[in-house]
Amino acid sequence: MKIGILAVQGAFAEHGAVLDAMGIPHGEIRCKEDLQRSFDGIILPGGESTVQGKLLRELELFSPIRQWIEGGMPVLATCAGMILLAQKIEGQDDAYFQTVPITVRRNAYGRQLGSFHTEDECSGAGRVPMTFIRAPYVTQAEKGVSILSTVQGHIVAVRYQNQIALSFHPELDHDYRLHQMFLDLCL
Ligand code: GLN
């Protein structure tokens with residue numbers, strides 16, 4: 001099994017470190033040529049969704065990756081990655097892959113509580129550590145979306161078919177259960 005990690009911007013190295021610790025082969029996706037390799041799943045890391053979206057288009061990665069996702073390739077998306085998957089982004093006319101029928105609010109926790117750490121239940125993984133960094137949350141989830149976790153009344157983890165989207169950063173905590181949940185989809 002080999003996992004592709006989108007590596008145009010943001011916290012991609014941290015996901016690579018988790019996969020290394022788990023003994024799972026992986027490769028970075030930085031340019032079109034990297035798409036020639038075959039992957040069993042893809043990770044969309046945290047970072048800045050506007051920058052990632054722009055680079056995905058400029059590097060001509062956007063359409064092929066969207067096709068992979070639409071074709072059923074398992075995806076683990078964290079933070080900015082969740083924004084890339086969302087069908088709608090509050091306050092914006094445009095969105096990115098739009099493969100998960102959710103609406104997200106960017107930087108939803110405001111400036112004061114921009115970053116925080118907690119621990120809560122995530123369906124399928126148990127009680128997990130959760131690090132939020134200028135995180136989005138889901139303000140609306142359409143039919144077919146499974147809500148995996150709600151923190152302080154807000155949806156922070158969902159699964160839709162082959163896609164898992166998280167508001168927080170499991171790659172920053174030494175707990176591999178959410179990565180394992182994703183890897184189980186890739187088998
Ligand atoms: N605030 C970022 C955005 O809007 C997401 C933050 C993150 O990925 N940690 O894209």
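The values are calculated or read from the model by the stated rules, or taken from the named source; none is laboratory data. Computed from a prediction, not measured in an experiment: that's the story for all the values here. Neighbour counts are summed over all protein chains in view; Cβ atoms, including those assigned to glycine, are modelled from backbone coordinates with ideal geometry. When the accessible area is computed, the model is the full protein with side chains, heavy atoms only, and any ligands, DNA or RNA have been set aside. Shrake-Rupley method; radii C 1.70, N 1.55, O 1.52, S 1.80 Å.
Which of the residues spanning the range 89-126 are over 23 Å from Ile65 (Cβ atoms), among the hydroxyl-bearing types (Ser, Thr, Tyr) and in a strand (DSSP E or B)?
Those that are over 23 Å from Ile65 (Cβ atoms), among the hydroxyl-bearing types (Ser, Thr, Tyr) and in a strand (DSSP E or B): Ser115, Thr118.
(1) modelled with pLDDT under 95; (2) under 14 Å from Ile5 (Cα atoms); (3) of a type in the set (Gly, Ala, Ser): which one isn't true of Ala80, the others all being true?
For Ala80, the exception is condition (1).
Could you tell me how many of the residues in the range 40-88 are part of a loop (DSSP other than H, G, I, E, B), open to solvent by less than 20 Å² (accessible area, probe 1.4 Å) and more than 10 Å from the ligand (Cβ to nearest atom)?
Number of matching residues: 2.
With respect to His174, is the statement that it is at pLDDT below 95, more than 10 Å from the ligand (Cβ to nearest atom) and either within 20 Å of Ile43 (Cβ to Cβ) or of a type in the set (D, E, K, R) (or both) true?
Against the criterion (at pLDDT below 95, more than 10 Å from the ligand (Cβ to nearest atom) and either within 20 Å of Ile43 (Cβ to Cβ) or of a type in the set (D, E, K, R) (or both)), His174 qualifies.
Among the residues of the range 134-150, which ones are in a strand (DSSP E or B) and either in contact with a Lys or Arg (Cβ under 6 Å, 6 or more places away or on another chain) or buried (at least 20 other Cβ atoms within 10 Å of the Cβ) (or both)?
Hits for the range 134-150 are Tyr137, Val138, Thr139, Ser146, Leu148, Ser149.
Within the range 3-29, which residues are farther than 21 Å from Met130 by Cβ and in contact with a helix residue (DSSP H, G or I) (Cβ under 9 Å, 6 or more places away or on another chain)?
Ile3, Gly4, Leu6, Ala7, Val8, Gln9, Ile24, Pro25, His26, Gly27, Glu28, Ile29
Please count how many residues of the range 151-168 are small (Gly, Ala, Ser), open to solvent by 60 Å² or more (accessible area, probe 1.4 Å) and under 11 Å from the mean Cα position of the chain (by Cα).
0
Of all residues in the range 103-125, count the ones that are under 23 Å from Thr50 (Cβ atoms), touching a residue at least 12 places away in the same chain (Cβ under 8 Å) and more than 13 Å from the ligand (Cβ to nearest atom).
1
Do we have any residue at all in the range 140-148 that's under 13 Å from the mean Cα position of the chain (by Cα) and under 21 Å from Ile43 (Cβ atoms)?
no
Any residue in the range 50-72 that is at positive phi sitting within a Cβ distance under 9 Å of a residue that is in a helix (DSSP H, G or I) and open to solvent by 60 Å² or more (accessible area, probe 1.4 Å)? List the pairs, counting only those 6 or more apart or interchain.
These pairs meet every condition: Glu60/Lys32.
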